[in-house]
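What follows is a short report on a single structure.
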Amino acid sequence: MKIGCNTLYAGGTLGATTDLTSAEIRRSLENNHALGYQAVEFSHLCHLPLQEVSEIGAFTRRLGMEPWSVHAEAPGGFELGSTPEEAASHLVHAVDVCHAVGARVIVIHAPLLLGLRLGDVPDIRALLAADLAGLAPAMARAQALGVELALENGRALAHWVYILSLVERLDAPHLGVCVDTGHANLGDLGAARAIRMAGSRLLTLHLHDNFGEVDVHLPPGRGTIDWADVLAALREVGYARILELELDRKSV
């Protein structure tokens with residue numbers, strides 16, 4: 001089983017997505033390779049032209065690392081739009097970016113119009129309708145290109161139940177989930193519980209630690225997550241894909 005890491009911003013604190021230029025991404029990839037990582041999640045890639053994205057994928061493979069996943073984003077961040085149509089457009093582009101870099105999985109924050117939360121007084125039917133409309137074009141594009149879509153968990157159990165129900169409703173073999181252990185440790189969900197609830201729908205991971213208060217992206221073992229239970233849960237659900245770390249440069 002390979003161990004990967006996201007593309008850390010070599011310049012220090014990331015002020016904006018566009019700070020992660022092609023040159024900075026290459027620097028990050030070289031650093032990841034030097035540290036012995038075997039796979040990569042591209043944290044900020046969707047703002048680059050597809051030709052540059054393709055070249056970055058080739059550069060990654062020349063270093064001997066596998067382009068594994070890409071985090072979907074819009075110009076304003078990980079919330080993909082203010083309407084289902086806008087979110088769908090950004091998400092289809094993210095799928096094209098994932099394919100161009102040669103990665104397998106695109107990681108998505110949902111509900112698409114809210115990110116990793118349901119809102120204060122959620123209208124579940126409205127959220128569901130918006131997500132179904134926003135995801136449909138990307139799912140068709142992903143199926144055509146051989147890309148998988150993974151919806152990520154937030155902090156709350158209720159949010160995770162919503163995400164898993166959305167995945168079950170769409171019921172497509174190339175749609176599943178990403179468990180982010182750090183997010184799960186900040187609320188009432190829990191990292192190992194999130195994995196067990198995901199079951200066979202688990203397509204990829206964001207492995208990082210914290211003290212249950214702030215999403216600081218510490219290496220595993222530096223916070224309060226029970227990693228023995230996390231590993232046990234991964235064995236129980238039969239996860240045999242990339243063990244993908246999602247770290248902050250300040251924490252490594």
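The values are calculated or read from the model by the stated rules, or taken from the named source; none is laboratory data. The structure displayed is predicted, hence computed values, not measured ones. Backbone-built Cβ (ideal geometry, glycine too); neighbour counts: all protein chains shown. The accessibility values were calculated without ligands, DNA or RNA, using every heavy atom of the protein model including side chains. Shrake-Rupley method; radii C 1.70, N 1.55, O 1.52, S 1.80 Å.
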Result for the chain: accessible area per residue, probe 1.4 angstrom, in square angstrom, of 42
Expressed to two decimals, region 46-135 has a Cα Rg over Rh, using the Kirkwood radius, of 1.07
Checking region 118-215 for GluC sites (Glu not before Pro) in a loop per DSSP with at most 16 other beta-carbon atoms within 10 Å yields Glu213
Yeah, region 97-202 with a ≥ b ≥ c from its alpha-carbon gyration tensor (a/c under 1.5 is rounded, else prolate when a/b outruns b/c, oblate otherwise) is oblate
Carbon plus sulfur, as percent of the 1.4 Å-probe accessible area of region 136-199, comes to 52
Simple SL model, points at 7 angstrom along Cα→Cβ for Arg169 and Glu55; separation in nm is 4.3
One can check that the equivalent ellipsoid of the chain, built from the alpha-carbon gyration tensor with semi-axes equal to the square roots of five times its eigenvalues, has lengths in Å, largest first, of 25, 22, 17
Over the chain, the sum of -39500 (n - 2.57) across DSSP H runs of at least four, divided by residue number and rounded to 500 deg cm²/dmol, gives at 222 nm -13000 deg cm²/dmol
Taking r as the C-beta separation of Ser200 and Ala158 and R0 as 25 Å, the FRET efficiency to the nearest 0.05 is 0.70
Computed for the chain: size of charge dipole around the Cα centre, +1 on C-beta of each Lys and Arg, -1 on C-beta of each Asp and Glu, debye to nearest 20, value 600
